[in-house]
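The values are calculated or read from the model by the stated rules, or taken from the named source; none is laboratory data. Predicted model, so just to flag it, every value in this text is computed and none were measured. So basically every Cβ, Gly included, is an ideal-geometry build from the backbone, and we count neighbours across all protein chains shown. Surface accessibility is based on the protein's heavy atoms, side chains included, excluding ligands, DNA and RNA. Shrake-Rupley method; radii C 1.70, N 1.55, O 1.52, S 1.80 Å.
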Amino acid sequence: MNINNFGKDIKALRTKKNIGSRELSRLIGKAETYISQLERGLIKKPDYNTAYDILKHLEFTEGNIEDFLYNFYQIKSPKRIESEAQEVANWEEKRAAEIEELLSQKPKTPGSDQEDKENKLAYNEKIFESEWMIELIKNLEKKNEEIKMELSFNINNNAQTFEPVIQNLHFLLISMRKNRENFNFFVGLLENDLSTLSKESKEKILKIAKEEII
């Protein structure tokens, strides 16, 4: 999800809770037309405190709202903004210290030109791999949090429907540690973007899966 969907999602949640747009606007201390404007996209991005109050009055668990707003809509709390700024500052400080340490080191006795080139190449490859791997892990961790939020959202709103889904997903994931065939099956299935399949293709896959299981 992204911030452009926030108003649409609020409308769906508000309608489900049978709360009028004017009533919700009053509950969060805004003009009576605020929620209507938000839902129609006239207000592009509400501030964090307003978004928090909206979800609170839509009966979201308050302890989950901060992560929900960030993972689904990239609406950051002041606490998160401050934390991210501190992380950047810490990284810059650490990087400056590393550079200072490198500059303060005594130069090593030079070897042959070939040795110098090989050492430089090995160093550059190590730095490149390290930065690439760190970035990959960060992106995967972010997507993992988004997956957890999506699953939690569906569990909260479709508990009965999602019960066998979660159970079977749990069984498959746990089995992958010992069963290589299940690991290969899971990776082979989800290394493709299944969301792009046509309706007919999805129905065909479901039919085959049900026939194989039965």
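Computed extension gain for residue 185 through residue 96, at 0.36 nm per residue and net of the alpha carbon distance, reaches 27.5 nm.
Counting only protein chain heavy atoms and rolling a 1.4 Å probe, the accessible areas of 198, 25, 104 rank, largest first, as 104, 198, 25. Measuring only protein heavy atoms, the 1.4 Å probe finds residue 172 accessible over about 40 Å².
Whole Å is fine, so just give me how far the alpha carbon centre of the stretch 129-184 lies from that of the stretch 13-36. The two parts, judged by their Cα centres, are 35 Å apart.
In this label model, residue 151 and residue 167 are separated by 1.6 nm, measuring between points 7 Å along each Cα→Cβ vector. Approximating the spin labels as points 7 Å out from Cα along Cα→Cβ, the residue 76-to-residue 12 distance works out to 2.7 nm. By definition, a body whose alpha carbon gyration tensor gives a ≥ b ≥ c is prolate when a/c is 1.5 or more and a/b is larger than b/c, and the stretch 1-87 fits this prolate description. What does a probe at residue 137 reach in the stretch 61-96, counting residues whose amide N is under 16 Å from the point 7 Å along Cα→Cβ? The answer is 91, whose backbone nitrogens lie closer than 16 Å to the label point.
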